[in-house]
Amino acid sequence: MSEEFEGLVAVVTGGASGIGRAVAEELAARGARVAVLDLKDTEFVCDVTDDASVRAAVAAVAERYGRIDVLVNNAGIGAQGTVADNDDAEWLRVFDLNVVGIARVTRAALPHLRTSPHAAIVNTCSIAATAGLPQRALYSASKGAVLALTRAMAADHLREGIRVNCVNPGTVDTPWVGRLLDAAPDPEAERAALCARQPHGRLVTAQEVAHAVAYLASPRAGSTAGVELAVDGGMSGLRLRPV
Ligand code: NAD
């Protein structure tokens, strides 16, 4: 398996933390040369909401490694509340990052992906795209857009040799979820309650999501396009609703 991505170059947005970091480490362990695009803590500093920054970072990766074979569009932020709780500026901010960010990075990377014999894009979506989660209107809408975008991109680019898929994580134990738990009066009790609400009784690990991303990105998934792979402890597969 360590040879799986030998000779290939992968770009991971939001790869300095959480799921993206686990993805970057997994792809590197399987032989890829990995470029992390993130706001900080990386050689390729990049803000996916800034087109010039994205174009410069992708050009720097191509210059440095000579090719781009795999793109993992993972950078994203959360938002809480009902449809009425976020104002226009917040709606546009979250869509700009979670949805338009994917378009920007993909647009910049496409010329390089088109020349790869094993090109693949994996978008980090969420069970929020389809679950109807309470108090997550804006976030769910943005991830619903990511799901639709994944399918549309898959249709547009498959015949160019670029496969596009997404992963739908459930509740993953990352710094993001850690920050939400830390905001509770009793973080440990909150964590235990959150685990108890998961179908398999625990949080999903970032490594589990990384394995799913690596599979979809690998030549082994050469006939898989336009799908969402759930990594959610059984939530969607068992037709359960988060409580
Ligand atoms: P995280 O906060 O641990 O990591 C997110 C990374 O994205 C950070 O390194 C951050 O610096 C980077 N980032 C944020 N804004 C950026 C920008 N404008 N440009 C470039 N990089 C930027 O979060 P995480 O939990 O690892 O989440 C990663 C992805 O997984 C997100 O798309 C999120 O929606 C999705 N997701 C997370 C969960 C979960 O439970 N943690 C569940 C489903 C989906």
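Some observations on this one:
- Condition met for residue 26 (under 27 Å from residue 221 (Cα atoms), more than 12 Å from the ligand (Cβ to nearest atom) and out of contact with any His (no Cβ under 8 Å at 6 or more places or on another chain)): no
- Residue match in region 106-120 (condition: among the hydroxyl-bearing types (Ser, Thr, Tyr) and either surrounded by fewer than 16 Cβ atoms within 10 Å (Cβ to Cβ) or at positive phi (or both)): yes
Yes/no per residue for (1) aromatic (Phe, Trp, Tyr); (2) at pLDDT 95 or above; (3) closer than 17 Å to residue 128 by Cα:
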residue: 204; (1), (2), (3): no, yes, yes
residue: 211; (1), (2), (3): no, yes, no
residue: 217; (1), (2), (3): no, yes, no
residue: 221; (1), (2), (3): no, yes, no
residue: 229; (1), (2), (3): no, yes, yes
residue: 236; (1), (2), (3): no, no, yes
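- Pair list, Cβ < 8 Å and 6+ apart or interchain, from region 161-185 residues that are of a type in the set (Phe, Trp, Tyr) to residues that are modelled with pLDDT of 95 or more: 176/17; 176/18; 176/78
- Matching residues, region 78-105, being surrounded by 16 or more Cβ atoms within 10 Å (Cβ to Cβ), polar (S, T, N, Q) and out of contact with any Lys or Arg (no Cβ under 8 Å at 6 or more places or on another chain): 86
- Scanning region 178-210 for residues that are more than 15 Å from residue 22 (Cα to Cα), part of a helix (DSSP H, G or I) and either of a type outside the set (Gly, Ala, Ser) or within 11 Å of the ligand (Cβ to nearest atom) (or both) yields 178, 179, 180, 181, 182, 187, 188, 190, 191, 194, 195.
- Residue check for residue 16: more than 9 Å from the ligand (Cβ to nearest atom) and modelled with pLDDT of 95 or more: no
- The set of residues from region 29-45 being within 9 Å of the ligand (Cβ to nearest atom) and either without any contact (Cβ under 8 Å) to a residue 40 or more places away in the chain or more than 18 Å from the chain's Cα centre (by Cα) (or both) comprises 36, 38, 39, 40, 41, 42, 45.
- Sole residue being within 23 Å of residue 218 (Cβ to Cβ), of a type in the set (Ser, Thr, Tyr) and more than 16 Å from the chain's Cα centre (by Cα), chosen from 82, 115: 115
- Condition check for residue 226: of a type outside the set (S, T, N, Q) and either assigned to a strand (DSSP E or B) or farther than 24 Å from residue 97 by Cβ (or both): no
- Members of region 32-48 found to be assigned to a loop (DSSP other than H, G, I, E, B) and either surrounded by 15 or more Cβ atoms within 10 Å (Cβ to Cβ) or not charged (D, E, K, R) (or both), listed by number: 32, 39, 42, 46, 47, 48
- Checked against the criteria, residue 184 counts as more than 26 Å from residue 32 (Cα to Cα) and surrounded by fewer than 19 Cβ atoms within 10 Å (Cβ to Cβ).
- Leading residue by the ranking (nearest to the ligand (Cβ to nearest atom)) among those in region 211-239 that are exposed (fewer than 13 other Cβ atoms within 10 Å of the Cβ) and not hydrophobic (A, V, I, L, M, F, W, C): 237
- Among the residues of region 49-71, some residue qualifies, meaning at least one is part of a strand (DSSP E or B) and within 20 Å of residue 116 (Cα to Cα).
- Residue 79 being more than 13 Å from the ligand (Cβ to nearest atom) and either modelled with pLDDT of 95 or more or not in a helix (DSSP H, G or I) (or both): no
The values are calculated or read from the model by the stated rules, or taken from the named source; none is laboratory data. In this text the structure is predicted, and so the values were computed from the model without any measurement. With ideal geometry, Cβ positions are generated from the backbone for all residues, glycine too; neighbour counts draw on all protein chains shown.
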